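*Asks:* I'd like to ask you about the structure that follows.
The values are calculated or read from the model by the stated rules, or taken from the named source; none is laboratory data. Just so you know, these numbers come straight off a predicted model, no measurement behind them. Note that we place each Cβ from the backbone using ideal geometry, even for glycine, and neighbour counts take in every protein chain shown. Ligands, DNA and RNA are stripped out before the accessible areas are found, and what is left, the full protein with its side chains, is counted by its heavy atoms. Shrake-Rupley method; radii C 1.70, N 1.55, O 1.52, S 1.80 Å.
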Amino acid sequence: MLRNVLTFSTVIGLVVMPTQMAHAQFGGSHVIAGSQAQGHGNTADVSMHSGNLAEQVSQTVAQANTAVANCDKASYESAMRTLERTKDDIRGASEMSAEAAARLGVNQEHAKNDAEAVETAMRNISSGWAGAQPCGGEKAEATGIGAISEDDAYDTALRYAGEFGAIRVSSGVKAGVMNLNGIPGYIGSENGAATRTLGDVKQDDTGTLAGFNIETRLPLGYVPNWIPNWPNMPNVPNTSAYNPLSFWDFFMGLEHMSANFNEVQSEYSPGAGRQTLLTGVGAGPSPSGYALAAGAASDVTNIAYDADYDFGSYELGFGKTVRLPNSDVVVRPFGGLRYAHYDVNQHFMGTTNSGALDFAYGTNIKNRSVGPFVGVEAEKRVRTSIFGATPFKLSANLRYGYDFNDADGDDTLTVSGGPNQTGTVDLSEDNGSHDVRAGFSVTLTPDSPFNVTLGGEYQRTTGSPEVNRDGTGPSNLSLDSADIWLATVRAGLSF
């Protein structure tokens, strides 16, 4: 479990209390003599090698013993929590770099011995509290302080220091389906001027999708105190940026996905007495399009459609991880700015007039957008007999973004085999759009420097380009909605 982690400590935020302890230096060690509370507590001589921490621990031990003597339940709980966090920080220092340990004022060489010394003092204080009647008995039964597992405390310290105080890099692949709610139509029909339909033949609205993403998260634990620890958490001093329940981070990420839609249709017939319409794009020799003669000349064969949707994004922002008190639930609100691109290439073709006339539509669109996003994610560790003692992590997230779009491109209709004609019209659109995402995942071995996450994700955007043709004017570009369902596999590394 060795790793180089950046961790946060509340040790430097301890409130200095009038000490009831005497500490003296013996051969480089600091000895803290614990006092007795109402005759029920055991005197604890705690030898520590970290001088500054020895003084702070002595003050907290004095505070705890005073609380025992006065049967002050709230002060006793506060002091014991402070000692527990201090012990966890000292233990965690043995896994840090020497520089990080020095920032905490911990003698790294003797960190484990110092942590055991603090734990011994906690046991003595807890024993004194349990013996103080009547509140001691009530307290011992209600919370069982003093029965905290050393292994659990050690694991908790390393877990949160390693996960949220470390540089984290993750990369993953994703695959799924994309459904277009707005799809272009290419062929229509009419019966003279009596009835006319457009978009009788359309592209498939569902395509396959695959992509990847990379994210880097940098901890901000050593940034000075101007970073506020908001919201204020109970019993955690807000005078320092080193808050073990709150972790700021800066993140950068990129994502790229490609979707493909293709379909082959044997033929299309408008029906008896009706003529096939090739809807025009609003440019060329016949801007409104072409009406074929009724009968066999209007039958369309060799219909093929192919479209590629290529999109990606680059984003950066800040997040704040908040571990809820006395819980394994972690909540991380985040927000930032995203730049995205959305490129569409569509091709539709067929043969008419008994094989004598070929036609093809070609559409190319590029959409560039920038916009803010906000979101929240929640995590919880779960232990189950399926995996033995190894925990796994359940995560869920929700995110909303607004994009300012700048889309442009062109739409072309080419007819050959008779009247060889081409018409092209320029397209543009700059309406805003919404981007909503939700996901769920399971992380295996979350306490390891390397882990694997399996998950699912849903995305909905209203920024998918769609071309509309009506034969009475130029083709026009609009932004419509699209839905994406993904399965994801991601690998992460913390260091």
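*Asks:* Could you list all residues from segment 441-469 that are surrounded by fewer than 16 Cβ atoms within 10 Å (Cβ to Cβ) and in contact with a Phe, Trp or Tyr (Cβ under 9 Å, 6 or more places away or on another chain)?
*Replies:* Val442, Leu444, Thr445, Gly456, Tyr458
*Asks:* Here's something else I'd like to know. On the basis of being of a type outside the set (Asp, Glu), within 23 Å of Pro474 (Cα to Cα) and either in contact with an Asp or Glu (Cβ under 7 Å, 6 or more places away or on another chain) or in contact (Cβ under 8 Å) with a residue 24 or more places away in the chain (or both), does Ala296 make the cut?
*Replies:* no
*Asks:* Please tell me if Gly401 is surrounded by fewer than 18 Cβ atoms within 10 Å (Cβ to Cβ) and out of contact with any helix residue (DSSP H, G or I) (no Cβ under 9 Å at 6 or more places or on another chain).
*Replies:* It is false that Gly401 is surrounded by fewer than 18 Cβ atoms within 10 Å (Cβ to Cβ) and out of contact with any helix residue (DSSP H, G or I) (no Cβ under 9 Å at 6 or more places or on another chain).
To keep it simple, each residue is scored yes or no on (1) in contact with a strand residue (DSSP E or B) (Cβ under 8 Å, 6 or more places away or on another chain); (2) of a type in the set (Phe, Trp, Tyr).
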position	(1), (2)
Gly336	yes, no
Tyr339	yes, yes
Asn353	no, no
Phe359	yes, yes
Lys380	yes, no
Leu394	yes, no
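*Asks:* Now, a different point. Can you work out which of the residues in segment 470-495 that are open to solvent by 50 Å² or more (accessible area, probe 1.4 Å) and assigned to a strand (DSSP E or B) is nearest to Leu427 (Cα to Cα)?
*Replies:* Asn476
*Asks:* For residues that are open to solvent by 50 Å² or more (accessible area, probe 1.4 Å) and in a strand (DSSP E or B), scanning just segment 289-305, find the one that is farthest from Gly273 (Cα to Cα).
*Replies:* By that ranking, first place goes to Asn302.
*Asks:* For Val370, only one of the following conditions fails: (1) open to solvent by less than 10 Å² (accessible area, probe 1.4 Å); (2) in contact with a Phe, Trp or Tyr (Cβ under 6 Å, 6 or more places away or on another chain); (3) of a type in the set (Val, Ile, Thr). What is its number?
*Replies:* Among (1) open to solvent by less than 10 Å² (accessible area, probe 1.4 Å); (2) in contact with a Phe, Trp or Tyr (Cβ under 6 Å, 6 or more places away or on another chain); (3) of a type in the set (Val, Ile, Thr), Val370 violates only (1).
*Asks:* Quickly run through segment 276-288 and pick out the residues that are outside any loop (DSSP other than H, G, I, E, B) and either touching a helix residue (DSSP H, G or I) at 6+ places or on another chain (Cβ under 8 Å) or on the phi > 0 side of the Ramachandran plot (or both).
*Replies:* Across segment 276-288, the qualifying residue is only Thr276.
*Asks:* In segment 55-80, which residue that is open to solvent by less than 40 Å² (accessible area, probe 1.4 Å) and β-branched (Val, Ile, Thr) is farthest from Ile125 (Cα to Cα)?
*Replies:* Ranking the candidates gives Val57 first.
*Asks:* Now for a separate question. Here is a check on your reading of the model: is Ser448 in a loop (DSSP other than H, G, I, E, B) and polar (S, T, N, Q)?
*Replies:* Spelling it out, Ser448 is indeed in a loop (DSSP other than H, G, I, E, B) and polar (S, T, N, Q).
*Asks:* Further question on the same structure: Report yes if Thr321 is open to solvent by less than 20 Å² (accessible area, probe 1.4 Å), farther than 30 Å from Gln265 by Cα and of a type in the set (S, T, N, Q), otherwise no.
*Replies:* In short, yes.
*Asks:* If you don't mind, there's one more thing I want to ask. Can you tell me which residue within segment 187-220, out of those that are hydroxyl-bearing (Ser, Thr, Tyr) and touching a Ser or Thr at 6+ places or on another chain (Cβ under 7 Å), is surrounded by the most Cβ atoms within 10 Å (Cβ to Cβ)?
*Replies:* Per the criteria, the residue is Ser189.
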